[in-house]
Amino acid sequence: MSLRKKEIFLQTRAAEEVQDITAEVNAAIRDLGLRDGVVLLFCPHTTAALTVNESADPDVREDFRRAFSQMVPKISFAHAEGNSPAHIRAAILGPSLVLPVEDGRLALGTWQGLYFCEFDGPRRRQIWVYVVVEGNAAQS
Amino acid sequence: MSLRKKEIFLQTRAAEEVQDITAEVNAAIRDLGLRDGVVLLFCPHTTAALTVNESADPDVREDFRRAFSQMVPKISFAHAEGNSPAHIRAAILGPSLVLPVEDGRLALGTWQGLYFCEFDGPRRRQIWVYVVVEGNAAQS
Amino acid sequence: MSLRKKEIFLQTRAAEEVQDITAEVNAAIRDLGLRDGVVLLFCPHTTAALTVNESADPDVREDFRRAFSQMVPKISFAHAEGNSPAHIRAAILGPSLVLPVEDGRLALGTWQGLYFCEFDGPRRRQIWVYVVVEGNAAQS
């Protein structure tokens, strides 16, 4: 059994931005040849993160961006780069997500999409997609 | 190798509620026939989430409910349904959890239980349980 | 296929502390004989958690500790032990992490390290490391 991996590259366009990357990850799943299984999505950055939430209304992404912008306590930070709040926002959402795949695409709920959350952009970013399990979906 | 999945259905009873669903997930693990391995729990909703925390004292669940109710900054939200804070609370906890299974049940710490966190109920909800790995536990 | 597990023991030294445990987990990965694959890291405690973030500048860890110390709303908590904020901080970061392994070590971004976050110490703590997948990394 070999560990299959695919890298996705993104360009963010603002200091803080929430991008829907469901289509990009579904394209990677296609490239990996995975029909049914489980994938690990890993964000190798310390000021960006992944999450799943409502994708139908773009207002939700904008509300996310603005709420996270105020989520971290306004204390005096030591880290000299000045982006400590971005590091902490990224940790709140987390660096990795494990998601089911059915019929060759992320098996999400009706309203769900996958978000890439930029907290210290604009930057060139990447996401690593790994096949964790491959199988034939058998629902009970 | 086939991908095994079991759906769990829940009814929440309040706008905000924290339910201990350890027993329901252990029943699903039994139905899946898994003795030792790893499961993926996925919440296909955008205003509810899963977490693991203390289950011995029900006060902790109530403290969770009340703290999360105030966790999100009180900004003016754009999303017309008015439940943007519920979306953000769900994302803070996250849509999926990967957990170990030993001896046919979730392998949790002494005080831990699995919580389903409702942030926009009451609703009928579901959790998807996938077998990620099956094996014989060999501890070192 | 057997499920391989390794336990790591830690001693925390303060009520709130952020420790870099990348080296300890890499040692566990070596002991498990894993070269390329995916591991599940599970924290069996209800007032401590795991995350990945910048490890190059120790100031980031200190900023984390201080920001999380103020992250939870100051409400009146019911749980008699008085450590409800610690439970909630742990849930915000989450009890488990799934991470890729390449060339016998955690495959992290350039600036990333693995943090153990103590919110109710000092205590003797443990982390459970499970091999989820083993394979030969083939990047595309």
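The values are calculated or read from the model by the stated rules, or taken from the named source; none is laboratory data. Keep in mind that what you see is a predicted model, and the values were worked out from it rather than measured. Every residue, glycine as well, gets a Cβ built from its backbone with ideal geometry; the counts of neighbours run over all protein chains shown.
Scan region A:55-97 residue by residue and report those that are of a type in the set (S, T, N, Q) and modelled with pLDDT under 90. Passing the criteria: A:69, A:70, A:76.
Of all residues in region C:33-70, those being outside any helix (DSSP H, G or I), facing another protein chain (nearest Cβ under 8 Å) and farther than 25 Å from residue B:98 by Cα number 2. There is no residue in region A:84-91 that is under 30 Å from residue C:133 (Cβ atoms), within 13 Å of chain B (Cβ to nearest Cβ), touching a residue at least 12 places away in the same chain (Cβ under 8 Å) and in a loop (DSSP other than H, G, I, E, B).
Flag: residue A:27 matches the condition of being without any contact (Cβ under 8 Å) to a residue 40 or more places away in the chain, more than 8 Å from every other protein chain (Cβ to nearest Cβ) and not in a strand (DSSP E or B). Just one of the numbered conditions (1) within 19 Å of residue C:27 (Cβ to Cβ); (2) in a loop (DSSP other than H, G, I, E, B) is not true of residue C:99: (2).
Restricted to region B:78-92, and to residues there that are surrounded by 22 or more Cβ atoms within 10 Å (Cβ to Cβ) and hydrophobic (A, V, I, L, M, F, W, C), the residue that is farthest from residue A:49 (Cα to Cα) is B:86.
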